[in-house]
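Structure first, then comments.
The values are calculated or read from the model by the stated rules, or taken from the named source; none is laboratory data. This one's a predicted model, so the numbers in the text were calculated from it and none came from an experiment. Glycine also receives a Cβ, built like all others from the backbone with ideal geometry; neighbour counts cover every protein chain displayed. Accessible surface is based on the protein model in full, side chains and every heavy atom, while ligands, DNA and RNA are left aside. Shrake-Rupley method; radii C 1.70, N 1.55, O 1.52, S 1.80 Å.
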Amino acid sequence: MSAESFDANEFRRALGSFATGVTIITTRDTDGVAAGLTVNSFNSVSLNPPLVLWSLSTGSQSLPAFQSAPHWAVHVLAADQHHLSGRFATRGKDKFAGLETDAGIGAVPLLHGCMARFQCRTAFQYEGGDHVIFIGEVLSFDYKNAAPLVFHGGRYAHATVRDPLDLQRAASAGTGIIDDDFLGTQLSRNHFRFFGQLRRALAELQLSEEDFYLLAALADQPGASEAELGESLAGIVDVDARAVSASLMRRGWIQATSSDQNRYELTAAGRAMAVRVANLARALEQQILLRLNPGEAAALKSLLARLQNVIDPAARALWQEKSAAEEIAPAARQ
Ligand SMILES: Cc1cc2nc3c(=O)[nH]c(=O)nc-3n(C[C@H](O)[C@H](O)[C@H](O)COP(=O)(O)O)c2cc1C
């Protein structure tokens, strides 16, 4: 595509193929009013002297503040700060309302919880088409180990470290289906090991995996019928809701509701047991996820959710409906 025939959207899309981090750049204007915006054009320029750059749209309402400010600060966002990115990319609102900040060099507002912060003195400003390029000398910086927020193709993304065995595994992939590159093998191995550990812990409480899931389902849906319990566990565990509920009832953990004998709820003892096993399962999850790099756990869950979207779209649609209803519910109550 030549310059004359540039389609602006296509150009934007092509630029979006360059994955970047996400930053918020803040300053204080000559009247002392805080200004800031979300920026992904940030980049390093020089190590000695320490220089960084970014570009600001000439249409930005923050332009006068940055053009006159002697100092500004770059905040590199962590993966869990995408809400902050959205807030600082929305014009017309007080972006700092309710935010806790510290005063940096030149009283520039410094945000909390970021992966890295660079406090800069404006060294140069250049015209760059419909943007102004700012080059700053870094006067001070701090950083922490965390998962970065990534922007790619116009969307937020996860960054994960490549497993050094990736290439080896792909290279050794044969035509068989039990090699480690086969998705089915990977999913089965992980499922088998994860539940092997959970089953052992449950066995100590004399609970089966089916008991665990049924208790958990009833904690989420008090008053559910056998059919509803079976439906919500379909595709998770092969459970005979009638037999399992009879067994849980014998042990005094569940009971029929007073209004309908065909619907169940947890007893006080059952609730205590449900809380205990939920804590146990979460602790096991934590133990495993802690051994991954920062961000990998979030990326893993996000990819598995995407996979489910592909493999089992009906279940995902059902789940989305349910969570949308839950989101609406609190407002409807007001
Ligand atoms: C991920 C992301 C990256 C952005 N990068 C830039 C950038 O590099 N330069 C820029 O001028 N605007 C950038 N923007 C847009 C501004 O954040 C947005 O236009 C903001 O509302 C400008 O605020 P203001 O008009 O109050 O200054 C980006 C937005 C997002 C979501």
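Miscellaneous remarks
- Condition broken by Q197, with the remaining ones in (1) in contact (Cβ under 8 Å) with a residue 40 or more places away in the chain; (2) within 30 Å of I24 (Cα to Cα) satisfied: (2)
- Just one of the listed residues (S225, S245) is in contact (Cβ under 8 Å) with a residue 24 or more places away in the chain, of a type in the set (S, T, Y) and touching a Lys or Arg at 6+ places or on another chain (Cβ under 7 Å), and it is S225.
- Considering segment 235-334, the qualifying helices (runs of 4 or more DSSP H), each wholly inside and each with 1 or more residues that are at pLDDT 90 or above and open to solvent by less than 40 Å² (accessible area, probe 1.4 Å), run over 241-250, 268-289, 296-311.
- Residue count for segment 1-16, restricted to those that are outside any helix (DSSP H, G or I) and either open to solvent by 90 Å² or more (accessible area, probe 1.4 Å) or of a type in the set (S, T, Y) (or both): 3
- Strands (runs of 3 or more DSSP E) wholly inside segment 17-107 containing at least 3 residues that are more than 12 Å from the ligand (Cβ to nearest atom): 43-46, 71-76, 101-103
- Count of segment 78-124 residues which are in contact with a strand residue (DSSP E or B) (Cβ under 6 Å, 6 or more places away or on another chain), among the polar types (S, T, N, Q) and open to solvent by 30 Å² or more (accessible area, probe 1.4 Å): 1
- Segment 17-33, residues that are open to solvent by 40 Å² or more (accessible area, probe 1.4 Å) and under 19 Å from I105 (Cβ atoms): R28, D29, T30, D31, V33
- Checking segment 133-145 against the condition returns a match, with at least one residue being within 18 Å of T38 (Cα to Cα) and either within 13 Å of the ligand (Cβ to nearest atom) or in a loop (DSSP other than H, G, I, E, B) (or both).
- Filtering segment 34-56 to residues that are more than 22 Å from G113 (Cα to Cα) and exposed (fewer than 15 other Cβ atoms within 10 Å of the Cβ) leaves S46, L47, N48, P49.
- Residues that are open to solvent by less than 20 Å² (accessible area, probe 1.4 Å) and within 19 Å of D31 (Cβ to Cβ), drawn from segment 64-77: A65, F66, A69, W72, A73
- Condition check for A203: out of contact with any Pro (no Cβ under 8 Å at 6 or more places or on another chain), surrounded by fewer than 15 Cβ atoms within 10 Å (Cβ to Cβ) and modelled with pLDDT under 90: no
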